[in-house]
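The structure appears right after this line, and notes come after that.
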């Protein structure tokens, strides 16, 4: 696309000049940003179009990611600054690590890995809860050039086995359990089951014993984490940073919710560091010494990038939080963390704020918390409905910034660039493409559509630094999955439109565009309307089979706490609201109030599973589901209306 047009009131932002500078000379632009990274062999060339599948970034450079995250800050006099704050309301534990302390822990653990035979290029699988050791493990791998693959803690044995089979790790790092507000999730039996299923067997498993659950150890294979680290410290063992090519892999991350053979997204070392540095400056506006709180999990891409790597590469302080937005102990959990640790920026999923709004619609739990250092809330992970955004803005009195990205992209694609000067907000849009991303909206034939017209959101090749270079050991599948549909483009599998000002609107996955009697309609647009009703806390719309029209929309809604109006009345009002705002073409006749929606542990609503239940199709319980019992509740609600 051409550079997004300046919209009214955007004159104070440096965004348009920065985007134009990238467009005019992408290689010079990225080489300039690369100066913010410490290289072993600095790049002389930004891009090699002949390498890899669509080209490779910084092909002549070498580096070490751990050095950039830890060693250089200690070298430059920031050793006593706090690098990581662990805050765990579910266990009552809190800890702070300076850059110097973290370097000691990481270098020691890296030496332990070397003693277990791990070398440059070997894979290490990390199956951990939200404890500091999870971050130490990732950085220890990066330090010695090993490729880490973090699997979300508590993932079912079968899914874990497929990842062990694909990555073939030499060593697995794990803990005895994860701690949820209402239960202990024992990891070791799941890991033992997965290793039993997988043909590939790791040489060793290093187990962090947590007080909440002891685990049995397999003789010869399993090692006690704390004992190994203590012995290495006593012997003065520390691993030095290993030089790797900028194009060497840093990690493999399997896309969430996959069944069968998983897709292992490969992230390189050099481009990843450069793009994370750019986003900390341009989008998040977090400077060295400032505090960033990313309320995600290290098992997801958001946790990789913005709990562990980006804040530390920037020399900032990162909060690693083991808790929930509500229930640990109440809907004021985030406000307590922000006030106590002096957080400047919070990054979380929209579903977290919908949960807070549902439990505390008037924001009473904000009282008494000092948020004077808090500057912005960033939301990503699924579509941020305008009503939740407005509610958060009114409550917090800071910019609330919706932004959009994917596991594959590795960093935000579209956002409102706080660090370059914020642009006017258009509710429902994550704003504009960030420099490096050439985002277009295409029809089924791969042609650009007119502004405001719904289509497939695609990204013109080459992808910028830090985006996936391929899938682990499967270039052919990478081509088929992402590059074949629209030649010359990366297919995001998201649908939406781009308006005349260049603002991007993501309306859902292409699967969420439903066909009602020949009309292509966005379920995201209908969700916006439902969420605008004052009684609705959150909602999901799916297209269900209809013999006459092909599909018809069905809206599932969760009501706010304390709503006294009857669900039947609310459902009638919701049907009328959709007819009024979208029109009879939507054929929206079915709104169902439910107690809760099925979600992954990262907060994404499982719309595809809900659709299968409604259509009476067989479905597998998704491995990432937070509570499988909710699927039965959805089925019962549908049966009550004669569906499913």
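Mind checking which residues of the stretch 590-605 are in a loop (DSSP other than H, G, I, E, B) and modelled with pLDDT of 90 or more? Spell out how you get there, then give the answer.
Initially, the stretch 590-605 is screened for residues in a loop (DSSP other than H, G, I, E, B), giving 594-598, 601-604.
Once the filter is applied, which keeps residues that are in a loop (DSSP other than H, G, I, E, B) and modelled with pLDDT of 90 or more, the stretch 590-605 yields 594, 595, 596, 597, 598.
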**OP:** Taking the options 139, 125, 208, name whichever one is crowded, with 19+ Cβ neighbours inside 10 Å and closer than 22 Å to residue 624 by Cα.
**Re:** 125
**OP:** Any chance you could count how many residues in the stretch 556-579 are closer than 23 Å to residue 614 by Cα and not in a helix (DSSP H, G or I)?
**Re:** 4
Subject >> Conditions (1) at pLDDT 95 or above; (2) assigned to a loop (DSSP other than H, G, I, E, B); (3) over 18 Å from residue 283 (Cβ atoms); number of the one not met by residue 410 >> reply: (3)
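From 136, 152, which residue is within 24 Å of residue 226 (Cβ to Cβ) and under 17 Å from the mean Cα position of the chain (by Cα)? If you could, list the steps in order and put the result at the bottom.
Numbers: 136 fails: under 17 Å from the mean Cα position of the chain (by Cα).
Testing whether each residue is within 24 Å of residue 226 (Cβ to Cβ) and under 17 Å from the mean Cα position of the chain (by Cα) leaves just 152.
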Original post:
Mind checking which pairs have a first residue in the stretch 127-152 that is closer than 14 Å to residue 267 by Cβ and a second that is part of a helix (DSSP H, G or I) and modelled with pLDDT under 95, Cβ under 8 Å, 6 or more apart or different chains?
Top reply: 149/163
**OP:** Hey, can you tell me all the residues within the stretch 298-327 that are farther than 15 Å from residue 250 by Cα and out of contact with any strand residue (DSSP E or B) (no Cβ under 9 Å at 6 or more places or on another chain)?
**Re:** 324, 326, 327
Original post:
Take the residues of the stretch 61-75 that are out of contact with any helix residue (DSSP H, G or I) (no Cβ under 6 Å at 6 or more places or on another chain) and without any contact (Cβ under 8 Å) to a residue 40 or more places away in the chain: which is farthest from residue 467 (Cα to Cα)?
Top reply: 75
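Residues checked against (1) over 19 Å from the mean Cα position of the chain (by Cα); (2) farther than 20 Å from residue 434 by Cβ; (3) surrounded by fewer than 21 Cβ atoms within 10 Å (Cβ to Cβ):
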| residue | (1), (2), (3) |
| --- | --- |
| 243 | yes, yes, yes |
| 250 | no, yes, no |
| 278 | no, no, no |
| 325 | no, yes, no |
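When the residues of the stretch 160-184 are narrowed to those that are more than 13 Å from residue 125 (Cα to Cα) and within 23 Å of the chain's Cα centre (by Cα), which ends up surrounded by the fewest Cβ atoms within 10 Å (Cβ to Cβ)?
Just the residues of the stretch 160-184 that are more than 13 Å from residue 125 (Cα to Cα), to begin with: 176-184.
Next, only the ones that are within 23 Å of the chain's Cα centre (by Cα) stay: 177-181.
Numbers: 177: 24, 178: 25, 179: 23, 180: 18, 181: 12.
Within the stretch 160-184, the match that is surrounded by the fewest Cβ atoms within 10 Å (Cβ to Cβ) is 181.
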Subject >> Near pairs, Cβ below 8 angstrom, 6+ apart or cross-chain, from the stretch 565-586 (in contact (Cβ under 8 Å) with a residue 60 or more places away in the chain) to any residue that is part of a helix (DSSP H, G or I) >> reply: 582/525; 582/526; 582/529; 586/526; 586/578; 586/579
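Quick check on residue 200: is it over 28 Å from the mean Cα position of the chain (by Cα), at pLDDT 95 or above and on the phi < 0 side of the Ramachandran plot?
Numbers: over 28 Å from the mean Cα position of the chain (by Cα): yes; at pLDDT 95 or above: yes; on the phi < 0 side of the Ramachandran plot: yes.
Here the answer is yes, as residue 200 does meet what is asked.
So which of 546, 501 is closer than 27 Å to residue 401 by Cα and either surrounded by fewer than 16 Cβ atoms within 10 Å (Cβ to Cβ) or over 26 Å from the mean Cα position of the chain (by Cα) (or both)? Steps first, please.
On the way: 546 fails: closer than 27 Å to residue 401 by Cα.
Of 546, 501, the one residue that is closer than 27 Å to residue 401 by Cα and either surrounded by fewer than 16 Cβ atoms within 10 Å (Cβ to Cβ) or over 26 Å from the mean Cα position of the chain (by Cα) (or both) is 501.
From 620, 595, 608, grab the single residue that is assigned by TED's automatic domain parsing to the domain that holds residue 527, more than 23 Å from residue 526 (Cα to Cα), surrounded by fewer than 21 Cβ atoms within 10 Å (Cβ to Cβ) and in contact (Cβ under 8 Å) with a residue 24 or more places away in the chain.
Sole residue among the options that is assigned by TED's automatic domain parsing to the domain that holds residue 527, more than 23 Å from residue 526 (Cα to Cα), surrounded by fewer than 21 Cβ atoms within 10 Å (Cβ to Cβ) and in contact (Cβ under 8 Å) with a residue 24 or more places away in the chain: 620.
I'd like to check something: does the stretch 447-455 contain any residue that is farther than 19 Å from residue 26 by Cα and crowded, with 21+ Cβ neighbours inside 10 Å? Can you show your working first?
Of the stretch 447-455, the ones farther than 19 Å from residue 26 by Cα are 447-455.
Pick out the ones that are also crowded, with 21+ Cβ neighbours inside 10 Å and you get 455.
Yes, some residue in the stretch 447-455 is farther than 19 Å from residue 26 by Cα and crowded, with 21+ Cβ neighbours inside 10 Å.
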**OP:** Could you tell me whether the stretch 139-155 includes any residue that is touching a strand residue (DSSP E or B) at 6+ places or on another chain (Cβ under 6 Å), farther than 23 Å from residue 247 by Cα and in a helix (DSSP H, G or I)?
**Re:** no
Subject >> Scope the stretch 22-56; condition over 28 Å from the mean Cα position of the chain (by Cα) and more than 18 Å from residue 245 (Cα to Cα); matching residues >> reply: 24, 25, 28
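Among the residues of the stretch 381-402, which ones are assigned to a loop (DSSP other than H, G, I, E, B) and touching a helix residue (DSSP H, G or I) at 6+ places or on another chain (Cβ under 7 Å)?
So in the stretch 381-402, the residues assigned to a loop (DSSP other than H, G, I, E, B) come out as 381-385, 397-399.
Once the filter is applied, which keeps residues that are assigned to a loop (DSSP other than H, G, I, E, B) and touching a helix residue (DSSP H, G or I) at 6+ places or on another chain (Cβ under 7 Å), the stretch 381-402 yields 381, 382, 383, 384, 385, 399.
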**OP:** Look at the stretch 613-644 and say how many of its residues are farther than 19 Å from residue 600 by Cβ and either in a loop (DSSP other than H, G, I, E, B) or at pLDDT below 85 (or both).
**Re:** 9
Subject >> Which numbered condition residue 426 misses (of (1) closer than 26 Å to residue 606 by Cβ; (2) surrounded by fewer than 22 Cβ atoms within 10 Å (Cβ to Cβ)) >> reply: (1)
Subject >> Single residue of 352, 376, 380 found to be under 25 Å from residue 430 (Cα atoms), touching a strand residue (DSSP E or B) at 6+ places or on another chain (Cβ under 9 Å) and crowded, with 23+ Cβ neighbours inside 10 Å >> reply: 380
Original post:
How many residues does the stretch 80-99 hold that are surrounded by fewer than 17 Cβ atoms within 10 Å (Cβ to Cβ) and touching a helix residue (DSSP H, G or I) at 6+ places or on another chain (Cβ under 7 Å)?
Top reply: 3
Subject >> Scope the stretch 580-589; condition in a loop (DSSP other than H, G, I, E, B) and farther than 15 Å from residue 638 by Cα; matching residues >> reply: 582, 583, 587, 588
**OP:** For residues that are more than 23 Å from the chain's Cα centre (by Cα) and in a loop (DSSP other than H, G, I, E, B), scanning just the stretch 452-472, find the one that is modelled with the lowest pLDDT.
**Re:** 454
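The values are calculated or read from the model by the stated rules, or taken from the named source; none is laboratory data. A quick note: this is a predicted structure, and the numbers were derived from the prediction, not measured. Here Cβ is always computed from backbone atoms with ideal geometry, including for glycine, and neighbour counts include all displayed protein chains.
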